[in-house]
Every structure is written in C-alpha cells, then in structure tokens.
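Everything on this sheet refers to the single structure shown next.
Each value in this text was obtained by applying a stated rule to the coordinates, not by laboratory testing. In this text, all values refer to a predicted model and were calculated from it rather than measured experimentally. Here the Cβ is made from the backbone with ideal geometry for all residues, glycine too, and neighbour counts use every protein chain on show.
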Amino acid sequence: MFNISVEKYPWSKMEISQMSVKRDWMGETTDNHAYRCFPVTQANVIGWSISCLTDISFIWNGINDQTGNNVKLLQGEEICYTGRGQSSVSFNTGLIFKTDKNVSLFTINPVNYFSDDFETMSSLISTSFLDNPLPLAIKARTANKEILIKAGTPLATIIPISLTYLNNSSIEINEYKDPDNKRGMANQSYGEASQKINQTGVYTDWYRNAVNEKGESRGSHEVKTLRLTVVDNIK
C-alpha cells in the first residue's frame, strides 16, 4: 500500500477521484459487451483521475514551435497557459503530492480514454521531495478546430510506482518448451472452446475466474478487485 498525501491550494480547480470503470465507447458496444473483458475493465480503474472543475477550450493553428503563440485559449485562462509551446496547454494544478522516499508518481493519458483532438503528456515525478504543484500538460492533435474539454473529463491518470523496486529489473527471453505438446494442446482446447462460446454472444469469464474451459483452477489474480479511495479533508 502506498502512502500519498496532497496539499491543495485554495484556488485549485482540479479534482482527484478514483478512476471509473465506465467508458463511453464501451457502453456503445453490443449489450455492453466490452465490460465483460476483465483485463480492460481492470485497467480502467488503476490509479486516480485528475479532472478540472471548469470547461477548457482552445484552438491550435497547426504550427509547432517553442512559442505559445499558436494555441489560443478560449476558456480556462485562469488555470491554463500556453507558454511551453509545441502545441501544448499546461495546467496550474495547485496540487502538491507527497509520497514516501522510494515512490514516484507516474502521470499518463487517462487509461482507455481516446481523443482525436488532444492527448495528455506522460511524466514521471519524484514526489518524495518535490515541493511544487504537479506539472500537467496536454498536446493538441487537431488543428484549426475549437477543442472543448468539458468539466469533469479525466485529464490524467496518476499511478504511484517504485522506481527503486523496478530498477535493474530484467526480462529474460527463453525458448518455448513443450516436448509433449501438453501446453499446446491445452491452449488450443481453451481457445477453441472460448471462441465457440464467444460467437454465441456469451462471455466465458474464464480468465476473470482464473479457470480453464473445464472449470479447473489455473492460478489466481494478484488482485481481482482493486479498491482505491480519496479522503478529502477540505470539504
């Protein structure tokens, strides 16, 4: 478990909340079928969401350079600025994160949110010592069009990670071994049974339940239900 605290400036327009499992595009699939995909729904809720309490809108003229003259802010000037250039909009988050010494904060584009108009820039911050508000910026992708980000839209997903634990890790690549073809036959049987059921519109839930097509245990998930919370001591 990570210990994370946040000091919030009184003027901050940012909100921190648990990531929601819901996505508009998933709700548009037949019978909400996408929500039956356990790897996707589990990824949806990892980390916390940072969103803005007010609408943000801007227009980018399509030019990339180091000046801030190519993005015009239409809404949100009190919390946004374009001075970093390169078709970006930066946010004054007013959120100072504090973590333990061996924990950093990984900021990424909100998981499984897709936009043709903008994308959040990823960053990795050593929040154990930084005494400044968390930097946050988005990059425009569509030129000569008003880009509107409605209040409450997740701007970023933040995930605490330990670089100390990750450092010097290695991926070892080995030759596939299956002398009796037992693994191959098991995988083929699983795949064929799964495909047959999925084609009927039914989801097997075998991976979710960590079982094979016979209902036999294949192991267990590290965490099946991820529970993250926010304790707001200001409200």
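Tabulated values for the structure
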read-out	value
Residue selected from the stretch 88-134 under the condition among the acidic types (Asp, Glu) and in a loop (DSSP other than H, G, I, E, B), by the criterion farthest from LEU148 (Cα to Cα)	ASP100
Members of the stretch 78-91 that are touching a residue at least 60 places away in the same chain (Cβ under 8 Å) and under 20 Å from the mean Cα position of the chain (by Cα)	PHE91
Some residue of the stretch 59-74 being within 23 Å of the chain's Cα centre (by Cα), in a loop (DSSP other than H, G, I, E, B) and of a type outside the set (Asp, Glu)	no
Test: residue in the stretch 217-230 that is of a type in the set (Lys, Arg), touching a residue at least 40 places away in the same chain (Cβ under 8 Å) and surrounded by 12 or more Cβ atoms within 10 Å (Cβ to Cβ)	no
Residue among ILE56, ILE50 that is within 17 Å of LYS13 (Cα to Cα), touching a residue at least 12 places away in the same chain (Cβ under 8 Å), of a type in the set (A, V, I, L, M) and touching an Asp or Glu at 6+ places or on another chain (Cβ under 9 Å)	ILE50
All positions within the stretch 109-121 that are under 12 Å from the mean Cα position of the chain (by Cα) and closer than 23 Å to SER57 by Cβ	ASN109, PRO110, TYR113, PHE114, GLU119, THR120, MET121
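Matching residues to (1) more than 27 Å from SER5 (Cα to Cα); (2) small (Gly, Ala, Ser):
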{"position": "GLY76", "(1), (2)": "no, yes"}
{"position": "PHE129", "(1), (2)": "no, no"}
{"position": "PRO133", "(1), (2)": "no, no"}
{"position": "ALA137", "(1), (2)": "no, yes"}
{"position": "THR142", "(1), (2)": "yes, no"}
